[in-house]
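These notes concern the structure reproduced below.
The values are calculated or read from the model by the stated rules, or taken from the named source; none is laboratory data. Quantities reported herein were computed from a predicted structural model and do not represent experimental measurements. When we count neighbours, we look across all protein chains shown, and the Cβ atoms used for this are built from the backbone with ideal geometry, even at glycine. Just the protein is used for accessible areas: all its heavy atoms, side chains included, with ligands, DNA and RNA removed. Shrake-Rupley method; radii C 1.70, N 1.55, O 1.52, S 1.80 Å.
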Amino acid sequence: MLSFDYALSKEDYCNYFIFVTWEAPGKQKKRTRYFLRQLFSILIFTLLFYYTGLFTRDKIFSIVAVVVILFTSVLSLTGIRSSLNKQAQKIADNALNSALFTPTHFSASEAGILLKDEFTESKYMWKAFVKKQENADYYFLFYSSLEAIIIPKRIFKPFEEALFAELLVRYLSFDAEIGHLIKNI
């Protein structure tokens, strides 16, 4: 059995939000569509400027127009993470969501996972988890398509993370472990 106490930070929630809405392996199509839509807009504006003769004007005007197009292009392509972070921060700062950051006692065993804080006590059997995702810093154990237990890897001691990984391999269903990745192909 593995047991410890931890509390999520607002940064943890923001990282979770960005991961599940943008970075998760199943979001590749969404990212591709977004980038293609942005590139298409850039192409349309450039073609409009070209065919309306705006580029045939003064060289300085043409250079400024190209710089503006490039600058707005870079902003639109790189600003998505910033935008998502602002959305997540707004959710995390909402006083009605303060229970997300309550100190929690976490226990994992062959029976499942138990979470206990000052407001709730939740027990999840392993078969309750429909999807497991992880990145370098977190485990995300989804018990519905929208809700997950967020487990920061920083809370583990080296041997504890290995124990937890072993519990996941042993008791998590194949579908939860990698089935969602196969379905998204």
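Scanning the range 1-24 for residues that are loosely packed, with under 12 Cβ neighbours inside 10 Å and not in a strand (DSSP E or B) gives a single hit, M1.
Of all residue pairs spaced 6 or more apart or on separate chains, those with beta-carbon atoms under 9 Å, a first member in the range 87-114 that is open to solvent by 70 Å² or more (accessible area, probe 1.4 Å) and a second member that is part of a strand (DSSP E or B) are L100/I150; P103/D5; P103/Y6.
Do we have T46 as open to solvent by less than 60 Å² (accessible area, probe 1.4 Å) and either charged (D, E, K, R) or more than 30 Å from K116 (Cα to Cα) (or both) here? Taking the combined requirement at face value, the residue satisfies it. Here I63 clears all of (1) loosely packed, with under 15 Cβ neighbours inside 10 Å; (2) under 30 Å from E121 (Cβ atoms) except the condition numbered (2).
Just give me the residues in the range 118-144 being surrounded by 12 or more Cβ atoms within 10 Å (Cβ to Cβ) and either part of a strand (DSSP E or B) or without any contact (Cβ under 8 Å) to a residue 12 or more places away in the chain (or both), in sequence order. Answer for the range 118-144, where residues must be surrounded by 12 or more Cβ atoms within 10 Å (Cβ to Cβ) and either part of a strand (DSSP E or B) or without any contact (Cβ under 8 Å) to a residue 12 or more places away in the chain (or both): S122, K123, Y124, K131, K132, Q133, E134, Y138, Y139, F140, L141, F142.
Within the range 49-72, does at least one residue satisfy the condition of being without any contact (Cβ under 8 Å) to a residue 40 or more places away in the chain and closer than 30 Å to K10 by Cβ? Checking the range 49-72: not a single residue is without any contact (Cβ under 8 Å) to a residue 40 or more places away in the chain and closer than 30 Å to K10 by Cβ. Out of all the residues in the range 164-185, which are open to solvent by less than 80 Å² (accessible area, probe 1.4 Å) and modelled with pLDDT of 90 or more? Of everything in the range 164-185, those that are open to solvent by less than 80 Å² (accessible area, probe 1.4 Å) and modelled with pLDDT of 90 or more turn out to be F164, A165, L167, L168, Y171, L172. Can you tell me which residue in the range 70-117 is nearest to F4 (Cα to Cα), limited to those that are β-branched (V, I, T) and in contact with a helix residue (DSSP H, G or I) (Cβ under 7 Å, 6 or more places away or on another chain)? So the residue we want is I91. Evaluating E147 against the criteria (1) in contact (Cβ under 8 Å) with a residue 12 or more places away in the chain; (2) open to solvent by 90 Å² or more (accessible area, probe 1.4 Å); (3) among the charged types (D, E, K, R) leaves one unmet condition, (1).
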